Number of protein chains: 2
Amino acid sequence: MRDIRSLRDYACWLHYDPLKKESWDKYQGQFETIQVDGDGPLVEAIEEELQRGIGGLLGTTPRLLPQGEGGPQGAAVQVIRALDAEWTLGEEGYQLEVQEEEGSLRVVITSPGERGCLYGTFAFLRLLQVGEIGGGLQVTDSPKNDLRMINHWDNLDGSVERGYAGRSIFFEDNQLVSDLDRIRDYARLLASVGINSVAVNNVNVHAAETQLIASRIDMAETLANIFRAYGIRLFLSVNYASTLEFGLDTADPLDERVRTWWKNQVKLVYQRIPDLGGFLVKADSENRPGPFTYGRTQADGANMLGEALESFGGVLIWRCFVYNCHQDWRDTKTDRARAAYDYFKPLDGQFRHNVILQIKNGPMDFQVREPVSPLFGAMEDTNQILELQITQEYTGQQRHLCYLVPQWKEILDFDTYAQGPGSTVATVVSSGMAAVVNVGNDPNWTGHTLAQANLYGYARLAWDPSLSAEQITREWITLTFGPCTEVLATLSEMLLTSWEIYENYTTPLGIGWMCNPNHHYGPNVDGYEYSKWGTYHKANNQAIGVDRTVGNGTGFTGQYHPENAALYESMETCPEELLLFFHRVPYTYQLKTGKTLLQHIYDSHFLGVEQVEGLLASWRSLEGRVNEATFGHVLARLEEQLDHAKEWRDVINTYFYRISGIGDIHNRTIYA
Amino acid sequence: MRDIRSLRDYACWLHYDPLKKESWDKYQGQFETIQVDGDGPLVEAIEEELQRGIGGLLGTTPRLLPQGEGGPQGAAVQVIRALDAEWTLGEEGYQLEVQEEEGSLRVVITSPGERGCLYGTFAFLRLLQVGEIGGGLQVTDSPKNDLRMINHWDNLDGSVERGYAGRSIFFEDNQLVSDLDRIRDYARLLASVGINSVAVNNVNVHAAETQLIASRIDMAETLANIFRAYGIRLFLSVNYASTLEFGLDTADPLDERVRTWWKNQVKLVYQRIPDLGGFLVKADSENRPGPFTYGRTQADGANMLGEALESFGGVLIWRCFVYNCHQDWRDTKTDRARAAYDYFKPLDGQFRHNVILQIKNGPMDFQVREPVSPLFGAMEDTNQILELQITQEYTGQQRHLCYLVPQWKEILDFDTYAQGPGSTVATVVSSGMAAVVNVGNDPNWTGHTLAQANLYGYARLAWDPSLSAEQITREWITLTFGPCTEVLATLSEMLLTSWEIYENYTTPLGIGWMCNPNHHYGPNVDGYEYSKWGTYHKANNQAIGVDRTVGNGTGFTGQYHPENAALYESMETCPEELLLFFHRVPYTYQLKTGKTLLQHIYDSHFLGVEQVEGLLASWRSLEGRVNEATFGHVLARLEEQLDHAKEWRDVINTYFYRISGIGDIHNRTIYA
């Protein structure tokens, strides 16, 4: 198992390769001593990181000075746990100062909190690599979100739901994996980009996982101990109907026996994990049990659990992914897009203060393009966090390059108008963000090495949603591949265009769902058309799409604040990338480009494949500039992507050609 | 495990319920003694059957007279193993004579073979139940096919590929099941209708099953012993590439090491099972290895195994289900329908005398309607057997009532013109028949109790393809439900119309494949349209179907003898139930009924659902006339069938309405 650590891609953005000549010369002889306030595992992690980072970057491992040593000035790098009355950055914020005196640089990292010290340390090492450390530099930073969370959909048997990077890094055969060091490496990786919470098991909680708060609590405790050393709190996904597995005949949230059982169980859990973050719950969703079974509201269910957690400082995170997953495709009155808002909006103000709703970014399910869920900004008196999906379920499953930071930026910057203009999703969800992670036990963690950028990017945005996609991309490339301008320019372009490229050759204009059922990989235009999942495009020989307007449709547009509702209501003002989400549109409808809808579909699919050819050419141009193993790995994935992009292009184009009878005006090949 | 035998449906057609009054009175006091020539397990099985049968039907278990006892005339029922020089019925034929003297009936069953005696015994009991036993009756009968075979697709882990009646009755967890008595009951059931060969394991032979001819030979031996007591020879499906699992680096059929390995292995197997029927092989098919891998022909592969089996009297059965299962849907030149003929026809005359080709009834794969495979009658110098599918993979999976005897009769009666008019499939495949069975460990063996009729019917047709569907149906109903005229009339009608009804609401006019991929249950018009399986309908807004003519299409029609080729070549003469198999047809094409193709699709789908309502009403009319448990069970399945028939109707109608834009002329509900 040790071998894996010698593979370059295992290190992700924490390579600490020796600095290139210019920086090397600039920093030689600096940072030879370090000193960190306090003690305990987290302080040791900081010390270890500084020694490892500086040692790797500059070739000399710095000496660790005990407290008080090093004279009045202290060590060259000093991490100070300061409790300043005027401090406004919170326990997780930090200040970083670089003083220069007679050519000697002195770095002082200050925070009142251990986590702040840790984040400041990683920031220092990051800045050192991008060459920004210099005399007079002063950085203050703090996370814009309190909760910066990772969700694992790992099962105790070692499988990962929607996992595309191997098996679970935590579990195998209903035990913890033997390589606990890898979990520690993972905690360090997450901490390096400011993640402070992780739910380790799948929100679909089966029989074995139900025991994580009972007979299998040992496993959770071990994981909590590992994560704690990097400032990360453990969360557990729990089975809402656990009481049914433990001898009660009900899971009614208002039943006293149920409430008592949970209170006792939570107490037992907190005896073992005193700093447990709390529970994550998927209830009444996709055949999972929930309060609806007992005629209770989602608030009844969430509050019952929230109450049990409250005295321990625990948080209850309740997912809003509730909809009818047994819809009859013949039923045109039910609109799945409406479901979350319809179920939760009326409950605004009814949730306890330690209950947080976790809302998926869109009203459907992590499609390549969806509007932002109207639930954001709809519940002023309810804690909310945004749920994103780093794992590429519908976006190429880490076989395709699809860098999602640009998508997430659009979501975060979307103006809900909840409190007038400027009420972006980023401000509305100030409780934080969660995301389903793309990590498994593949040597490179994420299956596709370039998919590491999605994990990095998500964490950075969770820290500060105002960071630009360009900056995040630049950071990740430099940390991962070193400071090469060609790599930076080429790979930035590849990453930043890849989401749009993927969209071009897959489902057009927000329609979504044209994929194979169950595994969700590859094109299948009618794949979900006659299913129970409520995800229909209703293409016929004239038109495609579901009318979701208030005027003639399902009324979904009315769930937005008036500014957005009006925008989406009309085909003329609706952003065209979302046209087929909101409207039923004839193939001959003229888009703003002057093209018909059908011609747009053909054009974007031909274009998408050409763009993947471009990605391949770009990557090939980097041969020799990135290490050979990574180069070959990414090349193979891109070649596979090209083949598969052609399959998407041809299936989609053929489908629309067959059903419409209208050909491509440029007479390119569409298979009859 | 004993409980299962007390369930009525477990007995299938061997209930031996007390005869109804008229017959009871007629036969009371008869058949009180029995005598059977010879000894050994098969003779004991005959004795046991006579005691059980007569005891059940007449209330008094007959006495078994030892050889020589009972005076010169012998017992009332005598089974004589006679070796008569003039006997022309073979070892499996029998003569049954009923003599009447002073009101005493004496039954003499004669055959030179043990199997013939067994079949005569079951025939006697059958005739007793249908009331045909009487003085002067003389019956001579013998099977029209030497090989009357059942194929199990059971895996050693207990799963059954395409099984819809529970788990394997043979295997569980890579062991034999503990209830070996149930296997004996099964052998008896098969023997009662003349089955003489059974392949117990799946033709897809995985790692565990590969060991059935090696380290797991014990399991095969035990099964052979059980089946032997009922005159049934065991066959094993073998892994063509077994040598690769046993240390050789090749499975090249012309490699001496491969040939030697098989000869030695076959010798070992025959030491344990001296009467093994032989091997069944699926090679070069759906990703199974085969001789093609080594640039050899199918004949090279089959002959190599045939040679190894020859000196032991073993037979090698080689399946002809060979086609390209990695076709690109964009490739319009390859036609899967052509494959079997293209691969095998040129090899006619090259197969050893103990090699038999097993040919599926149609060129595709057990669809509800296909033309007969052109390979029948195409290979005059090659042994052939017909492969049917009793398990209802594409015909409702034993959730739907679909009695297949009428389909099989059409196939057997199809005139290939191989030797001029009258060269029916039944005569061409005179080596015999095989069928994939519908049996699992459900208490009623077949999931749907009425699906027992398919097992019964197949076996009877394998015995004598000239039996009419009506006669077989009458027999099965009477044996299963007793001699009730209302049940006979109503259930006959239900069974005999059910295939056509199923066809009406599923895929129209021979097009096939409009089902969900993989599990093959339920409608999905485009389910196989963009897949690798070579099964395309290519529907567009004008027309549907693949042109398989010689004139403008793939040339498939040219694989038939001229009389049939001409018939299929033209849309005017092509039987309309197969129109969409052979031709690409506009929706507006006028059928012989005067309806357009599209209107025919709508009409047949509306009709099919009405007919299922009719099935339900018919069955309900039998309440009180069939036992309650069976009544309730079948009623529940029919109700499910009705729901699902509506789903088929609506999906198919909606698909064609959407793609064509043409509505139903009667304005019935088609969902837009």
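The values are calculated or read from the model by the stated rules, or taken from the named source; none is laboratory data. Note that the coordinates shown come from a computational prediction; the quantities given were computed from them, not determined experimentally. So basically every Cβ, Gly included, is an ideal-geometry build from the backbone, and we count neighbours across all protein chains shown. Heads up: the accessible areas ignore ligands, DNA and RNA and are worked out on the full protein's heavy atoms, side chains in. Shrake-Rupley method; radii C 1.70, N 1.55, O 1.52, S 1.80 Å.
For region B:362-421, how many residues are of a type in the set (Ser, Thr, Tyr), within 17 Å of B:His561 (Cα to Cα) and in contact (Cβ under 8 Å) with a residue 60 or more places away in the chain?
2
Can you run down the residue pairs with Cβ atoms below 7 Å, 6 or more apart or on separate chains, where the first is in region A:318-334 and at the interface with chain B (Cβ under 9 Å from one of its Cβ atoms) and the partner is in a loop (DSSP other than H, G, I, E, B) and open to solvent by 60 Å² or more (accessible area, probe 1.4 Å)?
What qualifies is A:Arg330/B:Tyr671.
When only residues in region B:545-557 that are free of Cβ contacts under 8 Å to residues at least 40 places away in the same chain, of a type in the set (Val, Ile, Thr) and crowded, with 19+ Cβ neighbours inside 10 Å count, which is nearest to the other protein chains (Cβ to nearest Cβ)?
This residue is B:Thr549.
Considering each residue of region A:518-529, count those that are out of contact with any Cys (no Cβ under 8 Å at 6 or more places or on another chain) and open to solvent by 40 Å² or more (accessible area, probe 1.4 Å), and give that number.
Qualifying residue count, region A:518-529: 2.
Just the residues that are away from chain B (no Cβ under 11 Å), over 16 Å from A:Glu610 (Cα atoms) and touching a residue at least 40 places away in the same chain (Cβ under 8 Å), please, taken from region A:650-672.
A:Asp664, A:Ile665
So B:Gln542 clears everything in (1) under 28 Å from the mean Cα position of the chain (by Cα); (2) within 11 Å of chain A (Cβ to nearest Cβ) except one condition, right? Which one?
It is condition (1) that B:Gln542 fails.
Name the residues in region A:152-196 that are assigned to a strand (DSSP E or B) and either open to solvent by 10 Å² or more (accessible area, probe 1.4 Å) or more than 18 Å from A:Thr222 (Cα to Cα) (or both), would you?
A:Val160, A:Glu172, A:Gln175, A:Leu176
Condition test on A:Tyr502, is it in contact with a strand residue (DSSP E or B) (Cβ under 7 Å, 6 or more places away or on another chain), closer than 30 Å to A:Gly534 by Cα and assigned to a helix (DSSP H, G or I)?
Working: in contact with a strand residue (DSSP E or B) (Cβ under 7 Å, 6 or more places away or on another chain): no; closer than 30 Å to A:Gly534 by Cα: yes; assigned to a helix (DSSP H, G or I): yes.
So A:Tyr502 does not fit the description; no.
When both residues are 6+ apart or on different chains and their Cβ atoms are under 7 Å apart, which pairs have a first residue that lies in region B:605-618 and is acidic (Asp, Glu), and a second that is open to solvent by less than 30 Å² (accessible area, probe 1.4 Å)?
Pairs found: B:Glu613/B:Leu642.
Can you tell me which condition A:Gln271 does not meet? The list is (1) part of a loop (DSSP other than H, G, I, E, B); (2) without any contact (Cβ under 8 Å) to a residue 40 or more places away in the chain, and all the others hold.
A:Gln271 satisfies all of (1) part of a loop (DSSP other than H, G, I, E, B); (2) without any contact (Cβ under 8 Å) to a residue 40 or more places away in the chain except (1).
Mind checking which residues of region A:279-309 are in a helix (DSSP H, G or I) and surrounded by fewer than 19 Cβ atoms within 10 Å (Cβ to Cβ)?
If the condition is that a residue be in a helix (DSSP H, G or I) and surrounded by fewer than 19 Cβ atoms within 10 Å (Cβ to Cβ), then A:Phe292, A:Thr293, A:Tyr294, A:Asp300, A:Glu307 are the ones that fit.
Could you count how many residues in region B:512-538 are part of a loop (DSSP other than H, G, I, E, B), in contact with a helix residue (DSSP H, G or I) (Cβ under 6 Å, 6 or more places away or on another chain) and within 13 Å of another protein chain (Cβ to nearest Cβ)?
Filtering region B:512-538 for residues part of a loop (DSSP other than H, G, I, E, B) gives B:512-514, B:516-522, B:524-538.
Then drop every residue that is not in contact with a helix residue (DSSP H, G or I) (Cβ under 6 Å, 6 or more places away or on another chain), which leaves B:525, B:530, B:534.
Then keep just the ones that are within 13 Å of another protein chain (Cβ to nearest Cβ); that gives B:525, B:530.
Counting residues in region B:512-538 that are part of a loop (DSSP other than H, G, I, E, B), in contact with a helix residue (DSSP H, G or I) (Cβ under 6 Å, 6 or more places away or on another chain) and within 13 Å of another protein chain (Cβ to nearest Cβ) gives 2.
Those residues that are under 14 Å from A:Ala308 (Cβ atoms) and open to solvent by less than 70 Å² (accessible area, probe 1.4 Å), I need them from region A:247-258; list them, please. Before you say what the answer is, go through the steps one by one.
Filtering region A:247-258 down to residues under 14 Å from A:Ala308 (Cβ atoms) leaves A:251, A:253-258.
Hits for region A:247-258 are A:Ala251, A:Pro253, A:Asp255, A:Val258.
Kindly provide the set of residues from region B:102-111 that are open to solvent by 10 Å² or more (accessible area, probe 1.4 Å) and without any contact (Cβ under 8 Å) to a residue 60 or more places away in the chain, ordered by number.
B:Glu102, B:Gly103, B:Arg106, B:Val108, B:Thr110
Is it true that some residue in region A:114-130 is part of a loop (DSSP other than H, G, I, E, B) and open to solvent by less than 20 Å² (accessible area, probe 1.4 Å)? Break it down stepwise before answering.
Here is the first cut: in region A:114-130, the ones part of a loop (DSSP other than H, G, I, E, B) are A:130.
Next, from what is left, pick out any that are open to solvent by less than 20 Å² (accessible area, probe 1.4 Å): none.
No.
Can you find, within region A:266-275, the residue that is farthest from A:Phe227 (Cα to Cα) among those that are open to solvent by less than 70 Å² (accessible area, probe 1.4 Å) and out of contact with any helix residue (DSSP H, G or I) (no Cβ under 6 Å at 6 or more places or on another chain)?
For region A:266-275, the residue satisfying everything is A:Tyr270.
With respect to A:Arg620, is the statement that it is within 14 Å of chain B (Cβ to nearest Cβ), among the basic types (Lys, Arg) and open to solvent by 10 Å² or more (accessible area, probe 1.4 Å) true?
So A:Arg620 fails the test.
Could you say whether any residue in region A:635-646 is open to solvent by less than 10 Å² (accessible area, probe 1.4 Å), in a helix (DSSP H, G or I), within 14 Å of another protein chain (Cβ to nearest Cβ) and of a type outside the set (Asp, Glu)?
Among the residues of region A:635-646, not one is open to solvent by less than 10 Å² (accessible area, probe 1.4 Å), in a helix (DSSP H, G or I), within 14 Å of another protein chain (Cβ to nearest Cβ) and of a type outside the set (Asp, Glu), which makes the answer no.
Mind checking which pairs have a first residue in region A:208-224 that is closer than 13 Å to A:Leu234 by Cα and a second that is part of a loop (DSSP other than H, G, I, E, B) and open to solvent by 40 Å² or more (accessible area, probe 1.4 Å), Cβ under 8 Å, 6 or more apart or different chains?
A:Ala224/A:Asp275
Taking the options B:Gln73, B:Gln99, name whichever one is open to solvent by 40 Å² or more (accessible area, probe 1.4 Å), of a type in the set (S, T, N, Q) and not in a loop (DSSP other than H, G, I, E, B).
Only one candidate qualifies: B:Gln99.
Name every residue in region B:134-149 that is touching a Ser or Thr at 6+ places or on another chain (Cβ under 9 Å) and either of a type in the set (A, V, I, L, M, F, W, C) or open to solvent by less than 10 Å² (accessible area, probe 1.4 Å) (or both), in order of residue number.
If the condition is that a residue be touching a Ser or Thr at 6+ places or on another chain (Cβ under 9 Å) and either of a type in the set (A, V, I, L, M, F, W, C) or open to solvent by less than 10 Å² (accessible area, probe 1.4 Å) (or both), then B:Asn145, B:Leu147, B:Arg148, B:Met149 are the ones that fit.
Could you tell me whether region B:649-663 includes any residue that is modelled with pLDDT under 95 and more than 21 Å from B:Tyr502 (Cβ to Cβ)? Even if it seems obvious, please write down each step before you answer.
Pass one, region B:649-663, residues modelled with pLDDT under 95: none.
Scanning region B:649-663, I find no residue that is modelled with pLDDT under 95 and more than 21 Å from B:Tyr502 (Cβ to Cβ), so the answer is no.
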